[in-house]
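Below is one structure; the comments refer to it alone.
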Amino acid sequence: MPERVIIIGSGPAGWAAAIYAARAALEPLLFEGAITEENRLAGTLPLGQLALSTEVENYPGFPVGDLEAYLDSAIEKGRRSMMAPHNKEGASGPELLELMRQQAANFGTRIVTDDVTDVDFSGRPFRVTTSEGKQHEAQALIVATGARANYLGLPSEEKYKNQGVSACAVCDGALPRFRNRPLVVVGGGDSAVEESDYLSKFASVVYMVHRRDELRASKIMAKRAMDNPKIEIQWNRVVDEILGNDQDGVTGVRLNSTAGEDPLELEASGFFLSIGHTPNTAFLEGKIELTEKKYIKWTTPWRTYTSVEGVFAAGDAADDYYRQAVTAAGTGCMAALDAERWLAAKGL
Ligand code: NAP
């Protein structure tokens, strides 16, 4: 018997879709991803990007406070015992995701810890293949595989992740270690300006490091960067190394010049990447309509429909604009409702 709905992805979009689909008695089967070194290095382990973030202060319903007793009572003991200690200052990304996962499981979601590596939409039911080579069939599919932030690929970047290196200023910018300190943002697009502007509220100075002598950002955003007295653009510069030590994490950055200038070292307690994202959609290439930047194309405004009838997309795999946990969860809910209504209309 084919599944009624398969969900691929285990970030806020996947869990929200699972909670709604399970409560609609669709008995969803969810693939949360495989726990492999390859996925760790790519930032695509189960639970996704939000799990890489420390405190989450902008997800509604979780004001700062000690959640310990709640986490202990809500999350199944085996998984709770494997979680990092709660720091008593509000919910962390992993904690929020464990709560979402538990909520989906409580309503009967069946969870498989494996990657989906291939899909076949040529017939019905759809067929998905996992990295272990297993095949599953489904009447409807919800893709919520997210996106991953692009990194430069420096070993020092990997070393200081969660110790000053971040690819999400909105997630991490307000943390104490970044307050009234110099910070570095790499990139010259709209996101880099937006993130520099955001960080300038906390930082003593934000060095925006850009590899050319002209920003890619739109004129209005570029003006915002130029007009902000706390943003200092380092033109024609690329990052050679992130400097730091085990105790303090990031302490600075060494920059090379693309214009023949001498290398430059800057003191900084934070290093933020803003050089774009890559959606996790490679396994969908040629099978569903993607945008130029490889995001899944929503074909109808305010619906999660894709170019393949019966396949719905949610979260950052289809959204290169908002990219927030709460918007991902919102579109996950929409995808489950769309799938439920589509299945009902088809009598499936
Ligand atoms: P983006 O426009 O692709 O810009 C990426 C930036 O990172 C570019 O300046 C690029 O340099 C730089 N970069 C890429 N790889 C690099 C590397 N390996 N080393 C150093 N620098 C590197 O991406 P985005 O800023 O994330 O924006 C994505 C989309 O969202 C855009 O369409 C943007 O307009 C939109 N957006 C809009 C707003 C807004 O309107 N408020 C806010 C955020 C995002 P080069 O310029 O040299 O290629």
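Just a few scattered comments:
- Identity of the residue in the range 220-245, within 11 Å of the ligand (Cβ to nearest atom) and among the charged types (D, E, K, R), that ends up nearest to residue 273 (Cα to Cα): 237
- Evaluation of residue 79 against (1) in a helix (DSSP H, G or I); (2) under 20 Å from the mean Cα position of the chain (by Cα); (3) among the charged types (D, E, K, R) (one fails), failing number: (2)
- Figure legend. Inter-residue proximity from the range 314-326: first residues touching a residue at least 12 places away in the same chain (Cβ under 8 Å), second residues open to solvent by 20 Å² or more (accessible area, probe 1.4 Å) and among the aliphatic types (A, V, I, L, M), beta-carbon distance below 8 Å, spacing 6+ or different chains. Indicated pairs: 314/334; 324/170; 325/50.
- Answer residue from the range 109-128, given it is within 25 Å of the chain's Cα centre (by Cα) and surrounded by fewer than 16 Cβ atoms within 10 Å (Cβ to Cβ) and is nearest to residue 4 (Cα to Cα) among those: 110
- Pair list, Cβ under 7 Å, 6 or more apart: the range 271-296 residue without any contact (Cβ under 8 Å) to a residue 12 or more places away in the chain, other residue away from the ligand (no atom under 12 Å from the Cβ): 290/281; 290/284; 290/296; 290/297
- Looking across the range 176-213 at every residue that is surrounded by fewer than 17 Cβ atoms within 10 Å (Cβ to Cβ), more than 8 Å from the ligand (Cβ to nearest atom) and not small (Gly, Ala, Ser), the one that is farthest from residue 166 (Cα to Cα) is identified as 213.
- The range 59-76: number of residues that are outside any loop (DSSP other than H, G, I, E, B) and hydroxyl-bearing (Ser, Thr, Tyr): 2
- Residue 295 being under 20 Å from residue 128 (Cα atoms) and either of a type outside the set (Gly, Ala, Ser) or under 15 Å from the mean Cα position of the chain (by Cα) (or both): yes
- Inside the range 252-270, residues that are open to solvent by 20 Å² or more (accessible area, probe 1.4 Å) and in contact (Cβ under 8 Å) with a residue 24 or more places away in the chain make up a count of 6.
- Selection of the range 27-44 for residues being small (Gly, Ala, Ser) and at pLDDT below 95 yields 42, 43.
The values are calculated or read from the model by the stated rules, or taken from the named source; none is laboratory data. Just so you know, these numbers come straight off a predicted model, no measurement behind them. Note that each Cβ is placed from the backbone with ideal geometry, even for glycine, and that neighbours are counted across all protein chains shown. The protein model used for the area step is the full one, side chains on, heavy atoms only, and it has no ligands, DNA or RNA in it. Shrake-Rupley method; radii C 1.70, N 1.55, O 1.52, S 1.80 Å.
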